[in-house]
Amino acid sequence: MTTDKQAEYVLQTVAKRGIRFIRLWFTDVQGFMKSVAISPAELETALTEGMTFDGSSIDGYARVHEADMIARPDPKTFQILPWREPDGVARIFCDIHHTDGTAFAGDPRNVLRRNLRGAADLGYSFYVAPELEFFYFADSGPNPKVLDQGGYFDLTPLDTAQEYRRTTIEHLEKLGIPVEQSHHEVAPSQHEITLRYDDAMAMADNVMTYRLTVKEVALAHGIYATFMPKPLEDHDGSGFHTHMSLFEGGENAFYSADTEHGLSKTADAFIAGLVHHAPAMTAITNQWVNSYKRLVAGFEAPIYAFWARNNQSALVRVPTTKAGKSSSTRIEYRSPDAATNPYLTFSVLLAAGLDGVRNAMSLPEEVGKNVFEMSSRERRDHGIRRLPETLSHALDELEQSELMNQALGDHVFDWFLRNKRKEWDAYQHHVSRFELERYLPIL
Amino acid sequence: MKGLALFPETPSAGFAEALQLAALEPILLGVEDLEKTDEAANWSLVLIELGDEPLRRMRHARRLHEDTGVPIILIVLKDQIALIVDEDLELADFVVVPTDPQELRARVRRQVSTVATDEVLRYRDLELNTATYQATIGDRPADLTYMEYELLRFFVENPSRVWSREQLLSKVWGYEYYGGARTVDVHVRRLRSKIGEQRSAWITTVRSVGYRFG
């Protein structure tokens, strides 16, 4: 499987299928997709030498004195875009390099690749399957109008939203992104599409593609789809529950036939690592000011760092698997939200879990009780910590974590902290409706 | 059909009708066109009807082939077959008038498709062109990635037996791929999703062993 053969395959396909534009895709540090379109004539050069672009205008990329960067298409990610089928448009994900050919540390794909190599050195490959939630609104204006409730029922009846979802799933399947299931979520106008597991790099690419597909389908129907973590105050936010498994060759390293619940020592230590590093990695899994409006009591999102087998308020959950299905033993991490950068989130989850494995951390106590009903003293006695309550608090936790610094690399770690502190400061300047309504009449 | 040419420009009524029914619209060539050998590059296949001047047109065909190498299908009456039996002209094919339009179309397509038949692998309504890497399912192109294509090709070439994940890894991926055996499961899933629900059963999961195609 040489890269040359793959490149040849892509070039042949472009010629035979009448592809007119190839979009080169990559991701900035906050998880926004960037795209450069090239013509088939430029593709061969792009595949062999890469495409030079000015990185100084991309968030979290180069400083001005090293502005030139090279996008190198990864030929195995070539796909024709189904929603643009008649126009002959395809996409290909890129790795970002410096002009001297070295990998660029600010490229989230590179961050994930580095972490996956670290896992491979220990003999592990990392598989993930996310549940991705989102809302359909009438438009992208600041007053969200749901589609399937109250007066807006007329605008698009319930089954129309199902139609959007079906079209989205058809597109995803054509893109080679198998869908496990889909359904209407708890909140009005909220939907979920669950993807089948894939290796973490392919899945991160899939998540980027998925978010775009959902938005494209909505756009084509004159509505708006959003992955904003918490758009409606009184309803659940949009999560990105991530199911994870580690494989050693063909064997699921999380499974053991010898323990009561089928979890191996590796699984125990991985869970311990996740729980231990949860506060430090929250800034990555939940990177926006708005993310923390989702992590509040009274909804399904977790706010305390503990694990359980069957407790929907747990941060780390071990879903029940069918007897004998050793390959599906997995760990679910429930705090990330739909607007996360999947490359970075998979990176920190893997790093945290593997840190548990490397240091043979022992499994903390399982919490079956309702944590919300415990007193804060009881929680402390059980060693249950709260996740950071604000972005600012999360950044403090992140900044102190040596492991997160290693997992993200200095470039991303520093840029992220700097950029997110600015975001928090901007938010702090804002006087909210809540404050005006609450304080103005009495103070 | 690109580059299909016909000589002479006025075919017999019977053959003209067959062309029409076969939905073929050849470039019409007069005698003088046959001299323009530099134009021959635009012809991928030339039909020459012997008609009422069989010997003369045979000479044209021979010369055209010698000068340009373009493949030729002779259109002959039944009693003209004798003329070409011992002919040393390298014919691509010949078709007898009266002509069945379907047969005509099929024979023309066999030549015009630049692909030799052994470069196309088939399974039911699936076609894999190993020269151009294109896959079609039920006449619609399937957008496979390179590895999905290679896996499917391996399956089609080696049907009806069970392959373990490790065997597939070494035969299709060619070396110990860093994703491990799980990679195979992931690719099989992607492949199933792309070939569609009805056909996904072509690939059977054989529990605790691996996969079988067909």
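Data overview
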| read-out | value |
| --- | --- |
| Condition check for A:TYR224: within 14 Å of chain B (Cβ to nearest Cβ), farther than 26 Å from A:PHE413 by Cα and hydroxyl-bearing (Ser, Thr, Tyr) | no |
| Only listed residue being at pLDDT 95 or above and over 27 Å from A:GLU373 (Cβ atoms), chosen from A:VAL289, A:VAL275, A:VAL316 | A:VAL289 |
| Options A:VAL111, A:VAL89; residue that is more than 30 Å from A:GLY250 (Cα to Cα) and either in contact (Cβ under 8 Å) with a residue 60 or more places away in the chain or of a type in the set (A, V, I, L, M) (or both) | A:VAL89 |
| Residue among B:GLU87, B:GLU32 that alone is acidic (Asp, Glu) and in contact with a helix residue (DSSP H, G or I) (Cβ under 9 Å, 6 or more places away or on another chain) | B:GLU87 |
| Residues within the range A:1-44 that are under 15 Å from A:ARG91 (Cα atoms), under 30 Å from the mean Cα position of the chain (by Cα) and away from every other protein chain (no Cβ under 14 Å), tallied | 13 |
| Residues (of a type outside the set (Ser, Thr, Tyr), facing another protein chain (nearest Cβ under 9 Å) and either in contact with an Asp or Glu (Cβ under 8 Å, 6 or more places away or on another chain) or at negative phi (or both)) located in the range B:170-186 | B:VAL172, B:TRP173, B:GLY179, B:GLY180, B:ALA181, B:ARG182, B:VAL184, B:ASP185, B:VAL186 |
| Selection within the range A:111-125 - within 12 Å of another protein chain (Cβ to nearest Cβ) and of a type in the set (Lys, Arg) | A:ARG113, A:ARG117 |
| Single condition A:VAL146 does not satisfy, out of (1) under 18 Å from the mean Cα position of the chain (by Cα); (2) surrounded by 20 or more Cβ atoms within 10 Å (Cβ to Cβ) | (1) |
| Number of the exception - B:ARG122 against (1) within 15 Å of the chain's Cα centre (by Cα); (2) part of a helix (DSSP H, G or I); (3) basic (Lys, Arg) | (2) |
| Residue, modelled with the lowest pLDDT, within the range A:170-196, restricted to residues that are within 13 Å of A:TYR136 (Cβ to Cβ) and of a type in the set (D, E, K, R) | A:GLU185 |
| Number of the exception - A:GLN79 against (1) of a type in the set (S, T, N, Q); (2) in contact with a helix residue (DSSP H, G or I) (Cβ under 9 Å, 6 or more places away or on another chain); (3) exposed (fewer than 13 other Cβ atoms within 10 Å of the Cβ) | (3) |
| Meets criteria (away from every other protein chain (no Cβ under 14 Å) and in contact with a Phe, Trp or Tyr (Cβ under 9 Å, 6 or more places away or on another chain)) for A:GLY106 | yes |
| Residue check, B:GLU90 in contact (Cβ under 8 Å) with a residue 24 or more places away in the chain and loosely packed, with under 12 Cβ neighbours inside 10 Å | yes |
| Qualifying residue in the range A:181-190 (condition: surrounded by fewer than 18 Cβ atoms within 10 Å (Cβ to Cβ), more than 14 Å from chain B (Cβ to nearest Cβ) and of a type in the set (Asp, Glu)) | no |
| Any helices (runs of 4 or more DSSP H) falling wholly within the range A:381-443 and containing at least 3 residues that are under 30 Å from A:GLU366 (Cβ atoms) | A:391-399, A:402-428 |
| Residue satisfying all of: in the range B:172-187; over 18 Å from B:VAL206 (Cα atoms) and surrounded by fewer than 21 Cβ atoms within 10 Å (Cβ to Cβ); modelled with the highest pLDDT among these | B:VAL172 |
| Search result, residues across the range B:137-162 that are away from every other protein chain (no Cβ under 14 Å) and touching a residue at least 24 places away in the same chain (Cβ under 8 Å) | B:PHE155, B:VAL156, B:GLU157, B:ASN158, B:PRO159, B:SER160, B:ARG161, B:VAL162 |
| Some residue of the range A:60-76 being under 27 Å from A:THR285 (Cβ atoms), surrounded by fewer than 16 Cβ atoms within 10 Å (Cβ to Cβ) and of a type in the set (Phe, Trp, Tyr) | no |
| Residue within the range A:204-213 that is part of a loop (DSSP other than H, G, I, E, B) and within 14 Å of another protein chain (Cβ to nearest Cβ) present | no |
| Residues of the range A:332-377 satisfying the condition of being hydroxyl-bearing (Ser, Thr, Tyr), under 26 Å from the mean Cα position of the chain (by Cα) and part of a loop (DSSP other than H, G, I, E, B) | A:SER335, A:THR340 |
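The values are calculated or read from the model by the stated rules, or taken from the named source; none is laboratory data. Everything numeric in this text was worked out from a predicted model, so none of it was measured. Glycine also receives a Cβ, built like all others from the backbone with ideal geometry; neighbour counts cover every protein chain displayed.
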